[in-house]
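Participant: The structure is given below, and queries will be raised subsequently.
The values are calculated or read from the model by the stated rules, or taken from the named source; none is laboratory data. Keep in mind that what you see is a predicted model, and the values were worked out from it rather than measured. Don't worry about glycine lacking a Cβ; one is built from the backbone with ideal geometry, like all the others, and counts go over all protein chains shown. Areas reflect the complete protein model, heavy atoms only, side chains present, ligands, DNA and RNA absent. Shrake-Rupley method; radii C 1.70, N 1.55, O 1.52, S 1.80 Å.
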Amino acid sequence: DNHGTAPLTLSSGLPYQSTIKRKVRKKKKNGVITANLAGTKYEIVRVVIQEMGFVKTRDEDETANLIWSDCAVQQEKIAELRNYQRINHFPGMGEICRKDFLARNMTKMIKNQPQEYSFIPRTWIFPAEYTQFQNYVKELKKKRRQKTFIVKPANGAMGHGISLIRNGEKLQAQDHLIVQEYLDNPFLMEGYKFDLRVYILVTSCDPLKVFLYHDGLVRMGTEKYHPPSDSNLSQLYMHLTNYSVNKHNEHFERDETEDKGSKRSIKWFTEFLETNNLDVSKFWSDISELVVKTLIVAEPHVLHAYRMCRPGQAPGSDSVCFEVLGFDILLDRKLKPWLLEINRAPSFGTDQKIDYDVKKGVLLNALKLLNIRTSDKRKNLARQKAEAQKRLYGQGSMKKLLPGSSDWEKQRHTLERRKEELKERLAQVRKQISKEEHENRHMGNYRRIYPPDDKTLLEKYDSLLATAFQTFLAGRAASLQWEMNNPLKRMKEEDILDLLEQCEIDDEKLMGKCTRQRGPK
């Protein structure tokens with residue numbers, strides 16, 4: 001307001017332009033995506049956040065669109081999140097990421113599906129399975145066969161406390177350990193043993209959505225490989241492929257060229273396979289199957305834990321959780337992949353250029369796939385307001401059937417309930433279609449491996465998923481069991497529309513109206 005007597009003059013120069021700029025800046029500030037990075041020590045996460053145009057918030061800000069944490073988060077924190085927020089961990093994922101939990105859960109699935117779960121070395125959890133292990137060692141002795149075993153701390157990481165033994169009888173019963181058969185016929189590269197760090201993105205557990213990054217790291221041992229013998233069991237630089245172990249060897253090569261050094265890319269490895277006339281597409285499909293089957297083991301635990309954290313969240317609504325997992329996989333001489341372990345907090349350290357290039361791609365492509373939008377916060381508040389009004393005025397809720405209702409009223413009530421269920425499912429299907437369209441446009445170097453496009457493969461996975469729910473949630477979480485078997489679960493949009501139209505026709509018949517002719521959709 002101009003309260004003075006001086007006439008108001010508009011300058012056609014700089015001041016006018018600067019006010020316009022100020023308005024634009026203010027508008028932009030209201031529409032930013034915020035990220036809380038207090039829980040990460042990795043610089044590459046900050047680099048990617050900046051490249052995405054996200055704004056880093058204060059450490060204590062709990063309202064950010066994205067919250068990134070290097071380690072697993074408490075379930076209470078996930079429960080407190082608003083629907084527009086995203087955090088980079090799922091509850092319940094420890095069921096496959098802790099070595100002892102992975103072994104226990106895999107053993108249960110192997111009993112039910114031995115053919116499908118033959119990609120994990122034979123494993124015993126000490127002290128619980130000490131007797132079974134000793135019986136196995138005695139059987140080997142009778143057959144005059146000797147095997148090597150790898151011994152790991154149950155909740156260890158980074159190669160700490162790992163050793164190899166050939167005399168299983170020396171192991172103590174009271175130690176809390178994981179004992180596995182050692183894979184002594186690995187595929188070798190230039191005479192060295194290696195493993196693969198494969199990056200997996202899980203964007204949702206309800207429904208399950210899994211993406212595989214088509215690159216990763218090849219991590220090599222730093223001493224030429226020889227099959228295990230009493231004389232070389234302690235040579236861990238030969239037998240272990242962990243980067244955290246091998247980087248301490250003087251022979252570790254930090255070569256920045258693609259085809260040299262102790263750390264290389266999976267992209268380079270697939271080119272190596274092609275050059276040697278080995279099947280690259282089979283390599284990727286075998287790894288995809290291993291990953292999906294492993295996550296099928298996790299899904300009942302993760303979904304149950306997620307629903308406990310987020311009660312009342314409609315199935316198919318945006319997940320507040322996502323996770324980037326690091327699968328460690330060993331290839332044997334026949335290129336069969338074997339699962340070693342899964343990291344829910346894979347290192348995003350960038351000691352070398354190859355780390356920087358691969359890990360930046362993993363993170364950047366993941367955040368693009370997540371589709372975090374500036375409008376999420378506003379839409380969430382509007383939705384909460386609308387739901388509160390519905391509850392207040394009783395809108396949208398089905399009228400209850402009164403005792404002594406006539407058969408006609410009961411039929412109408414059943415039809416109305418069926419229509420509500422179909423409409424709800426139709427909204428979920430359309431939302432999923434919209435999400436998939438975004439994913440297909442922004443997949444970058446990721447590939448969707450669940451649900452797969454191949455119908456036969458999808459049927460196989462769904463059968464394994466049903467087995468997993470029966471195995472791990474038997475007698476519990478009845479609503480989840482019912483959902484798994486709900487025939488609407490796999491229906492397409494046109495099928496649901498057909499059912500809705502049939503409901504309308506049945507309703508018109510009940511009301512005594514003339515049945516209208518079925519026209520085009």
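Participant: Please give the contour-minus-distance gain from N445 to A128: 0.36 nm per residue of separation, less the Cα-Cα distance, rounded to one decimal in nm.
Facilitator: Fully extending the segment from N445 to A128 adds 109.9 nm.
Participant: In whole angstrom, how far apart do the alpha carbon centroids of the range 406-440 and the range 158-230 sit?
Facilitator: Their Cα centres are 46 Å away from one another.
Participant: Let me ask you something else. Please give the FRET efficiency for D454 paired with E80, using the beta carbon to beta carbon distance and R0 = 35 Å, rounded to the nearest 0.05.
Facilitator: 0.35
Participant: Give me the one-decimal nm value for the distance between modelled label points at Q411 and A427, 7 Å along each residue's Cα-to-Cβ direction.
Facilitator: Each label point lies 7 Å from its Cα, and together they span 2.9 nm.
Participant: How big is the accessible area of W268 in square angstrom, nearest 10, if you roll a 1.4 angstrom probe over the protein chains?
Facilitator: 30 Å²
Participant: Multiplying the sequence separation of N167 and K334 by 0.36 nm and subtracting their Cα-Cα distance, what value in nm do you get?
Facilitator: Details: separation 167, 0.36 × 167 = 60.12 nm, distance 2.76 nm.
Gain on extension, N167 to K334, equals 57.4 nm.
Participant: How high is the FRET efficiency from A72 to S317, r the C-beta distance, R0 25 Å, rounded to 0.05?
Facilitator: The pair A72/S317 has a calculated efficiency of 0.60.
Participant: Ignoring everything but the protein chains, give the 1.4 Å probe accessible area of E299 in square angstrom, nearest 10.
Facilitator: Approximately 10 Å² for this residue.
Participant: Can you compute the modelled spin-label distance between H438 and R418, with each label point 7 Å from Cα toward Cβ, in nm?
Facilitator: In this crude spin-label approximation the distance works out to 3.4 nm.
Participant: Give, in nm to one decimal, the length gained when the segment between S234 and I110 is fully stretched (0.36 nm per residue of separation minus the Cα-Cα distance).
Facilitator: Gain on stretching S234 to I110: 41.5 nm.
Participant: Residues with amide H under 5 Å of L66's amide H, sequence separation 5 or more or different chain, H placed in the peptide plane at 1.01 Å from N; which?
Facilitator: T34, A35, N36, R86
Participant: Taking the Cα atoms of the range 93-370 alone, what are Rg (to one decimal) and Dmax (as a whole number) in Å?
Facilitator: Using the Cα atoms of the range 93-370, the pair Rg, Dmax is 19.4, 60 Å.
Participant: Could I have the simple spin-label model distance between E139 and K509, label points 7 Å from Cα toward Cβ, reported in nm to one decimal?
Facilitator: 6.1 nm
Participant: May I ask you to list the aspartates and glutamates whose Cα is less than 16 Å away from that of K377, ignoring any residue fewer than eight positions away on the same chain?
Facilitator: D61, E62, E80, D318, E387
Participant: Specify the inter-centroid distance of the range 62-112 and the range 299-352, based on alpha-carbon positions, in whole Å.
Facilitator: If we compute the Cα centre of each part, the gap is 8 Å.
Participant: Here is a follow-up. What is the calculated FRET efficiency for K379 to D279, with r their C-beta to C-beta distance and R₀ = 51 Å, to the nearest 0.05?
Facilitator: 0.65
Participant: Could you compute Rg(Cα) / (2.2 N^0.38 Å) for the range 34-87, with N its residue count? All intermediate terms of the calculation are to be shown ahead of the outcome.
Facilitator: Details: Rg = 10.8 Å, N = 54, 2.2 N^0.38 = 10.0 Å.
It is 1.08.
Participant: Past 29 Å, Cα to Cα: identify those pairs from K143/K247; K209/K379; K56/K152; K431/K455; K111/K247; K108/K147, in the order given.
Facilitator: Working: K143/K247 40 Å; K209/K379 23 Å; K56/K152 39 Å; K431/K455 21 Å; K111/K247 39 Å; K108/K147 24 Å.
Where the Cα-Cα span goes over 29 Å, the pairs concerned are K143/K247; K56/K152; K111/K247.
Participant: Amide H to amide H, which residues 5 or more places from N343 or on other chains are under 5 Å from it, using H placed in the peptide plane?
Facilitator: G326, F327, D328
Participant: Compute the signed sum of charges (Lys and Arg +1, Asp and Glu -1) over the other residues within less than 13 Å, Cβ to Cβ, of Q235.
Facilitator: 0
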